[in-house]
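Right, one structure below, let's go through it.
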Amino acid sequence: MKKPFSNAYESIKKLLRNIFGKKGEEVTEEVNSTAEQQTEEAAPEAAPEMSSDDREKLVEEVLASLEKEKKEEAKAPESKTEAKKAADKAKASMTEEQKYEEEVRKRAERAAKREAEDKKKEAEEVMSSANSNRVRWVTDPVTGEEITLGKLPAEATYLKKYTRIQTTSDDVILSINSILKHPDMPKNIVILGRNGFGTVKVGEDFARSFYSLGLVSSDKIAKTKAKQLNKMGLEKLSALKGGCLIVENAGLVSFDKLVEVIKDSAPENNNYVVILTGEIDSLSNFFEENDEIVDEFIYLIDIHKIKDRGMMHLAKGYVKEKGYTAEKPIFDRLKESLKGMEEGNIDRFVARIDEVMEKCDAREAAAGSTSKQIELEDTN
């Protein structure tokens, strides 16, 4: 014996399959589930067979429901656009003082959130150090799946020094391994620093590693500030084909210009990687206000938390990367030089270490030596 509503259900299912295909099947499955549930709840009472008029009425109700859903889906993007327009209008009507107060409030909220996240991350890193022999699990930024962190590929020699810094190590290793695993996804990177400047060197190290790993076809690197890029014609980037573009203080780049750059950097055009560097708040603001391009920048390298201790880990790794050796007094002297620099200014600190290496080379060349042993006098 057929269950109540089963005849009507079969008619609706057939009709919706013909009209709506797969979507109809999904909706009718829902109707089926609801009908069966209602049937089981009403099982003690006998239900009459549905008349043809009732069937037609039920079909019309389901079709009307589907049409309503379809209209609501079509309205969704419009609602989002209207909401964005309203927000833009409200923002435009704000006075300069109100805009300033709103920006201060946003930054304070972000700072509080970051502080909480930093404390959590520091606690996790302490646990991680204590359990360094255990397998590390992280979230794949492309798929969202839990994966093992793995190790930095040997070819990425320029990035090895950053793996000495606990607060940055995971971001660097994860981004490189994920890019290798998902070669068809955008390779663009955002480097979040404490200031709008001082992290171009990190971008250069990523660009050189991309070339060493075969992720880009050219070793060409172009560097520009956001304000310069805003005025630049993209024909100047045609020679960059297959290389990397590094944008400093990228929070100041205009949305329209960045969209142009993304289109120009696509594989079917000039096929280069875009690396944005800048201050964490300005970049956060930029992506918050322009969420249409967020998917083009999957990989975030967070170095805004790097402090003196991290800078000294970086110095030791950089000295080793360049083939030099140095004793503790040398690094103590380098640490003293950090007092005269902005916190987290990697570019300036690396330039200082390069200066010390050049003095070492000049001293050893005069003495006919090639030992690359940095002496204290080289730090003067």
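For a modelled paramagnetic label at Asn380, 7 Å from Cα along Cα-to-Cβ, the residues of the stretch 312-356 in reach, with backbone nitrogen under 15 Å, are 356. Sites listed here are trypsin sites (Lys or Arg not before Pro) in the stretch 140-212 whose DSSP assignment is loop and whose Cβ has at most 16 other Cβ atoms within 10 Å: Lys151. On full extension, the segment bounded by Glu109 and Leu180 gains 22.0 nm, given 0.36 nm per residue less the C-alpha separation. Surface composition of the stretch 138-237: carbon and sulfur atoms hold 49% of the protein heavy-atom accessible area at a 1.4 Å probe. With a Förster radius of 35 Å applied to the beta-carbon distance between Thr143 and Lys241, the computed FRET efficiency rounds to 0.75. Modelled spin labels at Val259 and Leu234, positioned 7 Å past Cα toward Cβ, are 1.1 nm from each other. Spacing of the modelled spin labels on Lys225 and Arg348, each 7 Å from Cα toward Cβ, amounts to 1.5 nm.
Considering every alpha-carbon pair of the stretch 218-260, the percent of pairs per 5 Å bin, from zero through the bin containing the longest distance, is 6, 23, 33, 25, 12, 2.
Element breakdown for the stretch 249-341 at a 1.4 angstrom probe: carbon and sulfur atoms account for 49% of the accessible area. Spin-label pair Ser217-Ala366: with each label point 7 Å from Cα along the Cα-Cβ axis, the two points sit 4.9 nm from one another. Mean silhouette area of the stretch 246-380, derived from the convex hull of its C-alpha atoms and averaged over all directions, reads 10.7 nm².
The values are calculated or read from the model by the stated rules, or taken from the named source; none is laboratory data. Please read all numbers here as calculations on a predicted model, not as lab measurements. Neighbour counts run over all protein chains shown; Cβ positions are idealised from the backbone, glycine included. Just the protein is used for accessible areas: all its heavy atoms, side chains included, with ligands, DNA and RNA removed. Shrake-Rupley method; radii C 1.70, N 1.55, O 1.52, S 1.80 Å.
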